[in-house]
Structure formats: C-alpha cells, structure tokens
1. Among the listed residues Y179, Y191, Y186, identify the single one that is crowded, with 21+ Cβ neighbours inside 10 Å and either at pLDDT 95 or above or more than 13 Å from the ligand (Cβ to nearest atom) (or both).
2. Conditions: (1) at pLDDT 95 or above; (2) in contact with a Leu (Cβ under 9 Å, 6 or more places away or on another chain). K161 meets all but one. Number of the miss?
3. From (1) away from the ligand (no atom under 16 Å from the Cβ); (2) surrounded by 16 or more Cβ atoms within 10 Å (Cβ to Cβ), pick out the condition that doesn't hold for D26.
4. Show the residue pairs that are 6+ apart or on different chains and have beta-carbon atoms under 8 Å apart, the first residue being within region 52-68 and open to solvent by 70 Å² or more (accessible area, probe 1.4 Å), the second being hydrophobic (A, V, I, L, M, F, W, C).
5. Looking at the structure I just gave you, is I149 of a type in the set (A, V, I, L, M), within 15 Å of the ligand (Cβ to nearest atom) and either in contact (Cβ under 8 Å) with a residue 60 or more places away in the chain or in a strand (DSSP E or B) (or both)?
6. Cβ-Cβ distance below 7 Å, separation of 6 or more or different chains: which pairs start in region 93-114 with a residue that is farther than 17 Å from E201 by Cβ and end on one that is assigned to a loop (DSSP other than H, G, I, E, B) and open to solvent by 50 Å² or more (accessible area, probe 1.4 Å)?
7. Does I168 meet the test of being open to solvent by less than 40 Å² (accessible area, probe 1.4 Å) and either in contact with a Cys (Cβ under 7 Å, 6 or more places away or on another chain) or not in a strand (DSSP E or B) (or both)?
8. Condition check: within 16 Å of the ligand (Cβ to nearest atom) and either crowded, with 18+ Cβ neighbours inside 10 Å or among the hydroxyl-bearing types (S, T, Y) (or both). Does F90 satisfy that?
Amino acid sequence: MKSTSYMKHKLPPLSYNYNSLEPFIDEETMKVHHEKHHQTYTDKFNEAIKNNQELQNKKVEDILSNLNQIPQDIKQAVINHGGGFYNHNFFWTILKKDIKLKGDILKEITKTFGNFETFKEQFTKAATTLFGSGWAWLVLNENKKLEIIQTKNQDCPLSIKKIPLLAIDVWEHAYYLKYKNKRADYIEAFYNVINWDKVNELFVNAKK
Ligand code: MN
C-alpha cells in the first residue's frame, strides 16, 4: 500500500442512507455524488495543499474565507477542490425529507421575500438560470439579510463574505442519472428534501 504522509481532510460520512431522499434524489445519484465526486474533491484538495503546512493547519472554512492568503500557484486548485469539498460537506447537511418550513427562518423568508412562493420563485430562477456548472444559495449577507446568490463551478459564498444557509448543487452530476437534461424537474423535486430544521439552525447561529 502506498504511504501517505498527509491525510487531513476526510470525506465526511452521510448521517442518512443513500436511498433516504427517494424518489426526489435517487440512491444511485447520492452514492456516486458522495463516494466519487465528493471523494475526488476531498483528495484533490488534500493534494493541492500537501506542501503547505500553514494551510494544512487551517479549517477549510478559514481558507475559503481568506483567498488572498493562498499562494498564487495553488490558489485556483484550492478554490476548485477546497470549494468542492466544503460545498458538498454543507450540501449533505441540508437534505432531509418531510421537514416543514417553520421557526425564525420562515419569519425571515416572509419578511424578506413577502411569502414563501416568491422566495421559491426567485431561488428556482437562480438555480435554473445558472449557466454551466455551479450552485444557487440562500445566504446571510454582511448586513445580516437574506440573499439569493449563484456561484460558478465550486466557488464558495464564504469567499465573498456570505454565510451559507441553503444550497442546491446544479452541476449535471447532481441530477443527470435520474433527470437527464431536465434540470428544472430536479430543482422542483429539491423542495421536497430541504432540511428546514437545519437551515433554521444555521440561520439562528449566523444571526448571533
Ligand atoms: Mn456536486
């Protein structure tokens, strides 16, 4: 077996089974997405920082929040693979079936967008219109207000001083096995698997 001197970041296990989000997100997609795609981001992130002791001692959140502290020669690799590592870590935590939107996050969504339907319309639009690969997010911005944003590739909201509360991965690998080219159907199905309890917890903590 090949020896590895540096194995800091590890693929986090899911806290639920790959089939838990059926029929909205299918078991095979979850398995490939986690075991293959997320694993690859994890490996390549570790690879990118393997010669940089300082970055190895930092949390991925800290690294992505301070991109100007990354040496130029590994910067894009860290943005891509560190971002991919973090974004997926985050994504798995906000997925769960049958969780009702309630609590402080419901009040804040209503306050910001008028009602849930308007929020959904805007979030769906952000996810639908993102050209190519990337993510749509609900974040808390620097003014502690809710905001819907898009990020390209594996760019992370932390890098533009926004705190992630909810995300949808709209890379084709997130939906192609089940939904093929129909990104809109995947986005509509996504609303059935949002863990609003987790989103609420993130919101309450971010507001502090
Ligand atoms: Mn993905």
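1. Numbers: Y179 fails: crowded, with 21+ Cβ neighbours inside 10 Å; Y191 fails: crowded, with 21+ Cβ neighbours inside 10 Å.
Residue meeting the stated conditions: Y186.
2. It is condition (2) that K161 fails.
3. It fails just one condition, (1).
4. Cβ pairs passing all conditions: E61/L158.
5. Details: of a type in the set (A, V, I, L, M): yes; within 15 Å of the ligand (Cβ to nearest atom): no; either in contact (Cβ under 8 Å) with a residue 60 or more places away in the chain or in a strand (DSSP E or B) (or both): yes.
It is false that I149 is of a type in the set (A, V, I, L, M), within 15 Å of the ligand (Cβ to nearest atom) and either in contact (Cβ under 8 Å) with a residue 60 or more places away in the chain or in a strand (DSSP E or B) (or both).
6. If the second residue must be assigned to a loop (DSSP other than H, G, I, E, B) and open to solvent by 50 Å² or more (accessible area, probe 1.4 Å), the pairs left are T112/K145.
7. Values: open to solvent by less than 40 Å² (accessible area, probe 1.4 Å): yes; either in contact with a Cys (Cβ under 7 Å, 6 or more places away or on another chain) or not in a strand (DSSP E or B) (or both): no.
No.
8. Numbers: within 16 Å of the ligand (Cβ to nearest atom): yes; either crowded, with 18+ Cβ neighbours inside 10 Å or among the hydroxyl-bearing types (S, T, Y) (or both): yes.
So F90 passes the test.
The values are calculated or read from the model by the stated rules, or taken from the named source; none is laboratory data. These numbers come from a predicted model, not from an experiment. Here Cβ is always computed from backbone atoms with ideal geometry, including for glycine, and neighbour counts include all displayed protein chains. To get the accessible areas, we keep the full protein, side chains included, count just its heavy atoms, and leave off ligands, DNA and RNA. Shrake-Rupley method; radii C 1.70, N 1.55, O 1.52, S 1.80 Å.
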